[in-house]
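Working notes for the structure below.
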Amino acid sequence: MEARAHLRYARIAPRKVSVVLDLIRGQDADKALAILQYTPKAASELLYKLVKSAVANAENNHNMDKDNLYVAECFVTPGPTLKRMRPRAQGRAYRILKRTSHVTVVLKEKE
């Protein structure tokens, strides 16, 4: 039995999110939330809400015990990239890529 939560189209680059995901992979749900709460990264606030959502899904939808949950899987995949233009000297334009992310967190119960 597993509980999932998805975050789609988050306006943050996937490589920034994956650094924070590496910190919580395999941790207990409570410990993962504590790590995210005190990690000074932009992605940690988004992931904190996502893990809390996954815990709520586990409790309400799958009748799992909150104390036995751990982060079994967590991964990020790139979403669509927003292309923007930046004016440069002599009438030129440089492209700015604003990347988005799709994040998935899977919680399972310890045996």
By residue number, the members of the stretch 1-50 that are without any contact (Cβ under 8 Å) to a residue 24 or more places away in the chain and either outside any helix (DSSP H, G or I) or of a type in the set (Gly, Ala, Ser) (or both) are Ala34, Tyr38, Thr39, Pro40
Any chance you could count how many residues in the stretch 56-83 are over 19 Å from the mean Cα position of the chain (by Cα) and of a type outside the set (A, V, I, L, M, F, W, C)?
-> 10
Any idea which residue in the stretch 79-104 is nearest to Arg15 (Cα to Cα), counting only those that are of a type in the set (D, E, K, R) and part of a strand (DSSP E or B)?
-> Lys98
Could you list, in sequence order, all residues of the stretch 51-78 that are buried (at least 18 other Cβ atoms within 10 Å of the Cβ) and outside any strand (DSSP E or B)?
-> Val51, Ala54, Val55, Ala58, Met64
Give just the number: which of (1) at positive phi; (2) at pLDDT below 95 does Glu2 not satisfy?
-> (1)
For the stretch 77-88, does any single residue satisfy the condition of being in contact with a Lys or Arg (Cβ under 7 Å, 6 or more places away or on another chain) and closer than 14 Å to Val105 by Cα?
-> no
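The values are calculated or read from the model by the stated rules, or taken from the named source; none is laboratory data. Note that the coordinates shown come from a computational prediction; the quantities given were computed from them, not determined experimentally. Glycine gets a Cβ as well: all are built from the backbone with ideal geometry, and neighbour counts include every protein chain shown.
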